[in-house]
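Here the structure is laid out as structure tokens; the discussion comes afterwards.
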Amino acid sequence: MSAPSFEDLLNRPTLAWMGQNTTHLEPPAAVVDAMTASVASREFQLYAPPLGFTRLRELILEDLGLPDADAWVTDGAVGGLYHVCTVLAPEISQLITSDPGWPWPARFVGLGDKPVTVLDVYEQPGAKLSAAQIAEVIEPRSLIYLIDPLNPLGSLYSRDELEAIVALARETESYIVHDCTYRHFAEGHSLVAELYPERTFTTYSFSKWLGLAGLRLGAVVAAPELLARLTAVPSNPLGAPIQAQRAAIAGLEGRGEWLEMLRGVNRRNIGAVEDVVARTGFGAVVVSPSQANFLAVDVSATGLHSEDVCARMLEHDVFVRPGTYQSPHFGERFVKISTSVPEEWVDRFCEAWTAIADGVAR
Ligand SMILES: Cc1ncc(COP(=O)(O)O)c(C=O)c1O
């Protein structure tokens, strides 16, 4: 079964976008105003500073609470991840990642012909990587790619768990990439950079919490000497999108109120999806409560393949994603549902889920 193309989906104006972990709420007025002002003053005719506007870099560090670090503004978090992986590839022994996970960093180090060790976490306690699993495979100069909260399951690492992983990294002089794309949705997120600043790269995104996915803006944050290794030859020396940076500055300046509203809507929506799954008995939530703006539902007991469930949802104009994109080993067992979206979309999701459950039961 082939996945629908995003371009085709863009031509469906009534589609409920619940498959990309993006945010689809009314954006903060100050963010829209900043973009409008940027267009009106024709800033798009200019290049931005190579590492990003100073104000934006300061705000990112403030938001993370890492005053001694440095920030490089990238073309989405993925632009930063690409550069981290390709710069480090010659000196690392392997990349360690999880299944399920997010596939791109493994592919990026693969360009440098480096091996990738994939650890299964779907059935592990807490559905996340453990230090014990990593200890079995770690070698000197590994690169541990830690997604936290974990896309696609929504599991969160505690500070103790991170400390145990850091101890292994320190012993083996390994690097850690702490992918914090979904940090803003979590309750009580801890930063590896606070425990192991000497070899940790933290990646940051504006796509999810601020809803700027199409503007392509993110950052890599690290100790100044470490970051300097990347920024000596950055992948975007002419600067990340200028209008996006203006929007991000406005978003960070008003983040308190926005995050409170966003988290409230997200929590309500996660609850609604959990309720409909429980009520219909169609599937089972994998990690509850998810600490991200999505949750995974295991559909293996329904008799349907995850791609089949998604295709049926799309007939109801609701886009959700099969696990196959992010999990070669378990992907046919689960679907992922994004929840930082209008409540009305979630209501439609619930109706569609119920209809599919009824159809299968009949
Ligand atoms: C774990 C993870 N890292 C990075 C990204 C990329 O984020 P950005 O849109 O900032 O490039 C995504 C996007 O889905 C993601 O899920």
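Which GluC sites (Glu not before Pro) from region 131-224 combine a DSSP loop assignment with at most 14 other Cβ atoms within 10 Å?
Answer in residue order: Glu173, Glu187.
If you take every residue apart from Val360 with its C-beta less than 12 Å away from the C-beta of Val360, what net charge results, scoring Lys and Arg +1 and Asp and Glu -1?
0
Quick check: Cα centre of region 1-44 to Cα centre of region 241-295, how many Å?
What the calculation gives is 16 Å, centre to centre.
Find out how many positive minus negative residues lie around Gln20, taking Lys and Arg as positive, Asp and Glu as negative, among other residues whose Cβ is under 13 Å from that of Gln20.
Details: positive: Lys208, Arg321, Lys336; negative: none.
Surrounding charge for Gln20 is +3.
Who wins for biggest fluctuation among Pro90, Pro342, Pro241 in a Gaussian network model of the chain, springs between alpha carbons below 10 Å?
Pro90
Quick check: convex hull of the Cα atoms in region 72-173, volume per residue, rounded to a whole Å³?
In region 72-173, the Cα convex hull volume per residue is 104 Å³.
Could you compute the net charge surrounding Ala250? Neighbours are other residues with a C-beta less than 14 Å from the C-beta of Ala250; K and R count +1, D and E count -1.
Working: positive: Arg55, Arg246, Arg255; negative: Asp33, Glu43, Asp63, Glu253, Glu257.
With Lys, Arg at +1 and Asp, Glu at -1, the neighbours total -2.
Please state the relative contact order of the chain as a whole percent: Cα pairs under 8 Å, 6+ residues apart?
Computed value for the chain: 25 percent relative contact order.
Show that you can apply the helix-only estimate: for the chain, add -39,500 (n - 2.57) for every DSSP H stretch of four or more residues, divide by all residues, and state [θ] at 222 nm to the nearest 500. Intermediate results must be reported in sequence, preceding the final value.
Numbers: 13 runs with 148 residues, N = 362.
For the chain, the value works out to -12500 deg cm²/dmol.
Every number in this text was worked out from the coordinates using simple rules, so none of it is lab data. This one's a predicted model, so the numbers in the text were calculated from it and none came from an experiment. Every residue, glycine as well, gets a Cβ built from its backbone with ideal geometry; the counts of neighbours run over all protein chains shown.
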